[in-house]
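Step one of this worksheet: look at the structure below.
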Ligand SMILES: [Cu+2]
């Protein structure tokens, strides 16, 4: 049973409506305040990829 | 300050009409997330990496809650018809007032449908357990004080040590009765997920599989939070713990042996 917790999608098993692009969005927290002088707020989230390429993994445990 | 993938309020771009799958992870050490996406619904298809077998539609204005350690897979459908090819950008917010990402819509999308619950049903990761067949039950009281190690935290009065092990039966259904002394804690167990009941987006009770869930302040020995597991195929040692990391680090963890 271990390992099946982590979704490892087989694209062939997915309905067409789930053959979509995806982002993994890892929400983190650091106990400081942001200042606009030190961050670039226009960065686009990386790691968009197609679920059709397989091996989409949900996160850690 | 809340970050996504290490970035402050990143911008996420969707094509008009496009469906995007977000695999959300609450990787914060100790913050509950209450997420909303402006005018759009969050169409939840999986929790903690396990398909629900349906689509739970959290409508705009109704927060999707993730405890520390929780994951949720949601589908986001960009609006298809924008005037002059322009839809205003929207915000992904936490607790209504904290913008943690912005979402913009650009032209040129290929409009896509959302899956139906009927299409998702065959993907359901685990069949529900017959909870009338409980073989054993285990209590777990999450405590910030009155522990056997002074100034540490504990479960059932015992601060974590690898030699205090609770044995759980292989291939039998076991019930967890979980409660806290006086504060919120987050039950998380390794290797085997559990079945529990949550309040779904329509306000009704819903049976779901998770591996991380809130044990709220106010739960008691007489009114515990309940979770069911059948331990299949994997004997051996593991742990469960509070997923509020300062609590875990202070000893709110317990070893189990499945055999
Ligand atoms: Cu805790």
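Every number here is computed from the coordinates shown, using simple stated rules; none is lab data. Keep in mind that what you see is a predicted model, and the values were worked out from it rather than measured. Positions of Cβ are backbone-derived with ideal geometry, glycine not excepted, and every protein chain shown enters the neighbour counts.
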* Asked: Which whole-number percentage describes the relative contact order of chain B, with Cα contacts under 8 Å and a sequence gap of 6 or more?
  -> 20 percent
* Fewest Cβ neighbours within 10 Å first, please rank B:158, B:189 accordingly. => B:158, B:189
* Structure fact -> The base-10 log of I(q)/I(0) that the Debye equation returns for segment B:131-259 at q = 0.15, 0.20 Å⁻¹, one scatterer per C-alpha, is -0.68, -1.18
* To do: Grab the DSSP H runs of chain B that are 4 residues or longer, score each as -39,500 (n - 2.57), total them, divide by all residues and round the 222 nm result to the nearest 500 deg cm²/dmol.
  => -500 deg cm²/dmol
* Asked: How long are the semi-axes of the ellipsoid equivalent to the protein assembly as shown, from square roots of 5 times the Cα gyration tensor eigenvalues, in whole Å, largest first?
  -> 36, 24, 16
* Cα point-scatterer Debye curve for segment B:10-62, base-10 log of I(q)/I(0) at q = 0.19, 0.20, 0.24 Å⁻¹ -> -0.85, -0.94, -1.26
* Is segment B:184-259 best put as rounded, prolate or oblate by its Cα gyration tensor, with a ≥ b ≥ c the root eigenvalues, rounded for a/c under 1.5, and otherwise prolate when a/b is larger than b/c, oblate when not? -> oblate
* To do: Largest first and to the nearest Å, give the Cα extent of segment B:148-217 along each principal axis.
  => 44, 33, 16
* Using distinct alpha-carbon pairs, which all enter the 1/r mean, Kirkwood radius of chain B in Å -> 19.9 Å
* To do: Output the direction-averaged projected area (hull surface divided by four) of the convex hull of the alpha-carbon atoms of segment B:39-112, in nm².
  => 5.9 nm²
* If you rank A:10, B:184, B:202 by fewest surrounding Cβ atoms within 10 Å, what's the result? -> A:10, B:202, B:184
* Asked: So how much slack lies between residue B:234 and residue B:127, counting 0.36 nm per residue of separation and subtracting their Cα-Cα distance, in nm?
  -> 36.7 nm
